Each structure stands twice: as structure tokens, then as C-alpha cells.
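Accompanying notes for the structure given below.
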């Protein structure tokens with residue numbers, strides 16, 4: 001499986017936002033934001049949900065860990 005490229009953003013206290021394939025100069029809101037716990041386990045939330053209301057955004061568990069991503 002190819003690694004996903006994630007870029008750091010300061011939204012929601014600091015998250016990693018996926019870079020979608022293709023030539024996207026601006027964020028669309030469709031990107032997933034990831035955060036990791038102390039053991040590297042990932043959970044994600046749609047960027048649009050964080051833009052709308054960070055406090056009410058729902059986070060989903062993910063089977064990948066930090067080592068499965070390229071963090072930029």
C-alpha cells in the first residue's frame with residue numbers, strides 16, 4: 001500500500017491534513033485530518049467538519065498508525 005502524504009496544520013490544536021492526489025492548490029474540505037495518540041494510532045475527521053465547528057467535530061478510529069504515513 002502506498003503511503004499517504006500528510007501536511008501539518010494548526011487547526012484544532014494541530015492536525016495532519018492529507019494531500020489529495022492531483023494538483024490542488026487550495027484545500028476543498030474533502031481532505032481528512034489525522035491526529036495520533038501517544039502510541040501512534042490514528043483517528044481522522046473531515047477537514048470541513050473542523051472548519052464548521054472544531055468542538056463538535058466527530059473523530060473516527062483508523063487502522064493505520066503514524067508509521068504508515070509520510071509526515072511533512
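Number of residues in region 49-72 that are over 16 Å from residue 10 (Cβ atoms), touching a strand residue (DSSP E or B) at 6+ places or on another chain (Cβ under 6 Å) and loosely packed, with under 11 Cβ neighbours inside 10 Å: the value is 2. When region 1-21 is filtered for residues that are part of a strand (DSSP E or B) and within 15 Å of residue 36 (Cβ to Cβ), the ones remaining, listed by number, are 4, 6, 7, 8, 9, 15, 16, 17, 18. Do we find a residue being touching a strand residue (DSSP E or B) at 6+ places or on another chain (Cβ under 7 Å), loosely packed, with under 10 Cβ neighbours inside 10 Å and not in a helix (DSSP H, G or I) anywhere in region 33-48? Looking through region 33-48, none of the residues is touching a strand residue (DSSP E or B) at 6+ places or on another chain (Cβ under 7 Å), loosely packed, with under 10 Cβ neighbours inside 10 Å and not in a helix (DSSP H, G or I).
Counting the residues of region 49-72 that are in a loop (DSSP other than H, G, I, E, B) and touching a residue at least 40 places away in the same chain (Cβ under 8 Å) gives 2.
Which residues, counting only those in region 1-26, are modelled with pLDDT of 80 or more and over 21 Å from residue 64 (Cβ atoms)? Answer for region 1-26, where residues must be modelled with pLDDT of 80 or more and over 21 Å from residue 64 (Cβ atoms): 10, 26. If we keep just the residues of region 1-32 that are crowded, with 16+ Cβ neighbours inside 10 Å and out of contact with any helix residue (DSSP H, G or I) (no Cβ under 8 Å at 6 or more places or on another chain), which is nearest to residue 72 (Cα to Cα)? Result: 6.
The values are calculated or read from the model by the stated rules, or taken from the named source; none is laboratory data. Everything numeric here is computed off the predicted structure, so don't read it as measured data. Neighbour counts are summed over all protein chains in view; Cβ atoms, including those assigned to glycine, are modelled from backbone coordinates with ideal geometry.
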